[in-house]
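Colleague: Structure below; questions to follow.
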């Protein structure tokens, strides 16, 4: 089988020549979009979500144009809709690292604007009288969709949407709730939904954020799609693609079936990022120490180097500081520390911790940790119902060594 060499871009979004293709996941997203529904695309951080979205945008289906907008730093409703409007009204003079417009989509937007001439116009919050931001945006989008030919669709991909909602909620919960309800209005607008689909993406659970705002009904019309980890054969192929790149320090024939099997066993939860950081540590160690042969001991050594690098995983801890306060944060840390040190934590133990920290709605917090990729539910020991463990054994090892000790 032909191997496509790709550069090991740790922590960076891989696109074009350095993207490791995932046909199973791209087909799943295209199939979901083909249904005409609006999609919530859920994936834990560093699992390859954004790279996959870039790939869709660079390789669109014939009847679709895809616009990518990253909103993680948004902190107000006005800022959110201004960015979204700027993306739609994109021209060659407008540049932003948070907006990505493929060639086909750029031409698509220029074409529909030229058809309508001044009918599309500019985005303003005032038009004679003060308008709410979402109403001004709905009017703009309504003008645009009138000029989209039948049979064509614009897919607006909004990355880290839940984080934007959370940012706004931290300052003004009512505004955050209004943003969720405003998006439901856009999706329920039949003229808009006939030509425009929203694909919301994120590494934190939108369901939990909406529930905390009392707005779960605002997202019950969105279809959820989860990004799955790599299959064993996909992970093997990705390793061979990375080590085949000329920039990699070791000869690719050093990665025998036995060595690759050990790498996969060490990582176990096979997402691209974890493969990349272990291969990066192997690259660094062997280059600095002039090692040309691989052995099981060197793989273990590289794994331990990964665990000692706080930067690889610190986001997981920082996320909890942003999302939870006071007793809730203490409860979350106690649950994760127990899961890290004991491998699993039973539902009964979680309930006891909830009583200790006076947490009334602890089940929704556990659901949030599950949605956000920290833990997963498993069958518990006899008499204890369900249990939970870390989704990623590598993250568990790091947590035990750096947080729970």
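Colleague: What is the pair-distance distribution P(r) of the stretch 232-312, computed from all Cα-Cα distances in 5 Å bins starting at 0, with each bin given as a whole percent?
Modeller: Distribution as computed: 3, 15, 30, 30, 17, 5, 0 percent.
Colleague: Starting from the alpha-carbon convex hull of the stretch 128-181, give the projected area averaged over all orientations, in nm².
Modeller: For the stretch 128-181, the mean projected area of the Cα convex hull comes to 5.2 nm².
Colleague: Rounded to the nearest 5, what % of the DSSP beta bridges within the chain are antiparallel ones?
Modeller: That works out to approximately 35 percent antiparallel.
Colleague: Got the relative contact order for the chain handy, in percent, Cα pairs under 8 Å and 6 or more residues apart?
Modeller: It comes to 19 percent, rounded to a whole number.
Colleague: Something else now. What FRET efficiency, computed as 1/(1 + (r/R0)^6) with R0 = 30 Å and r the Cβ-Cβ distance, is obtained for residue 311 and residue 211, rounded to the nearest 0.05?
Modeller: According to the calculation, E is roughly 0.40.
Colleague: Between the stretch 19-41 and the stretch 158-181, how many Å separate their Cα centres?
Modeller: Centre-to-centre distance over Cα atoms comes out at 25 Å.
Colleague: Using the Cα gyration tensor of the stretch 305-354, with a ≥ b ≥ c the square roots of its eigenvalues, what is the shape: rounded (a/c below 1.5), prolate (a/b larger than b/c) or oblate (neither)?
Modeller: Oblate, since a/c reaches 1.5 and b/c is not below a/b.
Colleague: If you scale each eigenvalue of the Cα gyration tensor by 5 and take the root, what three semi-axes come out for the chain, rounded to whole angstrom and sorted largest first?
Modeller: 39, 30, 17
Colleague: Once you have a ≥ b ≥ c as the square roots of the Cα gyration tensor eigenvalues for the stretch 314-402, tell me rounded if a/c is under 1.5, and otherwise prolate or oblate according to whether a/b is larger than b/c.
Modeller: Taking the square roots of the gyration eigenvalues as a ≥ b ≥ c, the stretch 314-402 is oblate.
Colleague: Whole Å is fine, so just give me how far the alpha carbon centre of the stretch 218-254 lies from that of the stretch 51-67.
Modeller: Cα centres, the stretch 218-254 to the stretch 51-67: 19 Å.
Colleague: Contact order normalised by length for the stretch 232-312, with contacts defined as Cα pairs under 8 Å and 6 or more residues apart; what percent is it?
Modeller: With pairs under 8 Å counted, the relative contact order is 33 percent.
Colleague: Bin all alpha-carbon pair distances of the stretch 252-405 at 5 Å intervals from 0 and give each bin's fraction as a whole percent.
Modeller: Computed distribution, short to long bins: 2, 8, 17, 19, 17, 12, 9, 7, 5, 3, 1, 0.
Colleague: If you project the alpha carbons of the stretch 142-230 onto their three principal axes, what span does each projection cover, largest first, in Å?
Modeller: Cα extents, longest axis first: 40, 38, 19 Å.
Colleague: State the Cα centre-to-centre distance between the stretch 352-405 and the stretch 268-299 in whole Å.
Modeller: For the stretch 352-405 versus the stretch 268-299, the Cα centre distance is 29 Å.
Computed from the coordinates by the stated procedures, all read-outs in this text should not be read as laboratory data. Keep in mind that what you see is a predicted model, and the values were worked out from it rather than measured. Here Cβ is always computed from backbone atoms with ideal geometry, including for glycine, and neighbour counts include all displayed protein chains.
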